[in-house]
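Have a look at the structure below, then the notes.
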Amino acid sequence: MKARLAVLWLLVGLPLAWGVFKTLQNAVKLFH
Amino acid sequence: MSGSFFDRGSTIAVPNFNRFCVPPAAIAVHLAIGQVYAFSTFNIPLTRLIGLSESAPGDWSQKQVVWIFSIAIAVLGSSAALFGRWVERAGPRKSMFVAALCFAGGFLLGAVGIRLHSLWLVYAGYGVLGGCGLGVGYISPVSTLLKWFPDRPGMATGMAIMGFGGGALIAAPLSVLLMAHFKSATSNGVLESFVTMGAIYFMFMMIGVIAVRVPPPDWKPAGWVEAAKPKALVTTAQVAAKVAWHTPQFWLLWGVLCMNVTAGIGVLSVASPMIQEIFSGRVTATAAAGFVGLISLFNMGGRFFWASTSDIIGRRATYMVFFLLGILLYSTVPTIGFGGHIGLFVAAFCIILSMYGGGFATIPAYLRDVFGTMEVGAIHGRLLTAWSVAGVLGPVLMSNLRDYQLAHGVPKAQAYSVTMYVMCGMLLVGFLCNLAMRPVAAKHHQGAA
């Protein structure tokens, strides 16, 4: 059950983390 | 569809099932359908399907193309209202699967429309069919999450609805990557990107379809005891959807959501030009895009933060904070703008947008408090018509008030001041609606004579 939980959270967490990273990359331009 | 895999009965969780496996299922669906917020990345390429590098005679205009998004959002609200009771009856797995079929089907039908250069087919595909996927997908995990987390309903629905905000953060760079990958001498890559995104999102939504589970009847979290004396406005009774929308409480909450969303969506619609005009010469178009990105992050984070906070301070108190703090911030933004304080201006809008997202994420738990969990998904679906109205009202108010100011000789940098004060007025209406909330009369409860 723990492995299933980890896999599920990774499946949604990784794309979300990528999206947040790309947005932050864009957002820092505001402070340049 | 007739197979037992999709039936509610086959989604009942086994004993000792970890309830934290359910939020990722909901987030998977919301991350996918949240793509709609990034649809504008396709707007310019869709006006260059013939000319490729620039619009040619016969190409669609920008004005025609922006209707695709508007139709999708309007259909989201109406389909959520229309299919809410079916979603409750069918259960989360079947409704998530239908949402995946509609949303991915919308991309594919849209791609056929692009291939045949038929704008009506794109409207029907992404706008109508895809919009149905948005509406059904948005409400499908809500009541399931509320039943799994009776101790933390705000946090649970906040996580799912945060996914909707996060969907745009993924879809915007993904669309740009795909269009660049598929670009060729004969195509600007939009058609291929539509087909690819349809396939990717279908598979991603299937994670939710496969993983979702409903709790057994009368299930409760281990060690959790329902409060003997519930908080004010929290009911232990159940109200049916067809009864709920005849109660004043439904329409007061409709007003609360509509006013909160109108104020936030109005800002979102003009965020980039607004910061460039108020700080003319100091904020470039690139920096303005950074501002849009930053407020999108706060829109997403606010969904989890505020909805979780509402579990501690209560739903009504959370909306009181939204409206009072919102009025304070909107009324000081013009002064901050005149003073040239970019940092404070950005901070104010980050908080405002966090409360915009928080308003969406806290409303399912508020509905559950007032009407019970029995048909909360269907009631939520009907309440989302407030979003459709606000989606038109906010941007129209913002742009028309700005144009009116400019036509009367107000400098560009000050053209948003009156708009901010009008938003304060709308938030005050929302505040009064929230203040007037009372428990639903016992005659409306399920089983009442």
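Could you tally the net charge around residue B:238, taking each other residue with its Cβ under 15 Å from the Cβ of residue B:238, Lys/Arg +1 and Asp/Glu -1?
0
What fraction of the Cα pairs in segment B:241-444, stated in percent, has a spacing above 31 angstrom? Walk me through the numbers on the way to the answer.
Working: 4357 of 20706 pairs.
That fraction is 21 percent.
List the pairs from A:29/B:63; A:2/B:220; B:94/B:229 whose alpha-carbon separation is above 25 Å, in the order I gave them.
A:29/B:63; B:94/B:229
So for B:402, B:48, B:115, fewest C-beta neighbours within 10 Å to most, what's the order?
Values: B:402 20, B:48 16, B:115 13.
Arranged by neighbour count, lowest to highest, B:402, B:48, B:115 become B:115, B:48, B:402.
If R₀ is 45 angstrom, what is the calculated FRET efficiency for the pair residue B:82 and residue B:62, using the beta carbon separation as r and rounding to 0.05?
0.90
So if I place +1 on the C-beta of Lys and Arg and -1 on the C-beta of Asp and Glu, and nothing else carries charge, what would the dipole magnitude of segment B:4-211 be about its Cα centre? I want it in debye, nearest 20. The partial results should precede the final answer.
Details: 12 positive and 6 negative charges, 81 e Å.
In debye, rounded to 20, segment B:4-211 gives about 380.
So for segment B:1-129, averaging the separation of alpha carbon pairs under 8 Å that are six or more residues apart and normalising by length, what relative contact order in percent results?
Reported as a whole number, the value is 25 percent.
Please rank B:399, B:61, fewest neighbouring Cβ atoms within 10 Å first, as an exposure proxy. Don't skip to the answer; put the middle values down first.
Numbers: B:399 15, B:61 11.
The most exposed by this proxy come first: B:61, B:399.
Between residue B:413 and residue A:31, what's the calculated FRET efficiency when r is the beta-carbon distance and R0 is 30 Å? Round to 0.05.
0.90
Taking square-rooted eigenvalues a ≥ b ≥ c of the alpha carbon gyration tensor, is the protein assembly as shown rounded, prolate or oblate, where a/c under 1.5 means rounded and, failing that, a/b exceeding b/c means prolate?
In terms of gyration-tensor shape, oblate.
Quickly estimate the mean residue ellipticity at 222 nm for chain B, helices only: each DSSP H run with n ≥ 4 gives -39500 (n - 2.57), and the total goes over all residues, rounded to 500. The partial results should precede the final answer.
Working: 17 runs with 312 residues, N = 449.
Dividing the helical sum by the residues of chain B leaves -23500 deg cm²/dmol.
With the cut-off at 1.5 for a/c, could you classify segment B:4-211 from its C-alpha gyration tensor as rounded, prolate or oblate?
Because a/c hits 1.5 or more and a/b exceeds b/c, segment B:4-211 counts as prolate.
What FRET efficiency do you get for residue B:289 and residue B:10 if R0 is 35 Å and r is their Cβ-Cβ distance, rounded to the nearest 0.05?
Efficiency, rounded to the nearest 0.05: 0.15.
Using +1 on the beta carbon of Lys and Arg, -1 on that of Asp and Glu, and nothing else charged, what's the dipole of segment B:241-444 about the Cα centre, debye to 20?
Roughly 320 debye, rounded to the nearest 20.
Once a ≥ b ≥ c are taken as the square roots of the eigenvalues of the Cα gyration tensor of chain B, is the result rounded (a/c under 1.5), prolate (a/b larger than b/c) or oblate (a/b not larger than b/c)? If you can, show how the numbers build up before the last one.
On the way: a/c = 1.98, a/b = 1.19, b/c = 1.67.
Cα axes put chain B in the oblate bin.
Rule-based calculations on the coordinates, nothing more; no lab input. Nothing here was measured: the structure is a model prediction, and the numbers come from that model. Counting neighbours? That spans all protein chains shown, and the Cβs are built from the backbone with ideal geometry, glycine included.
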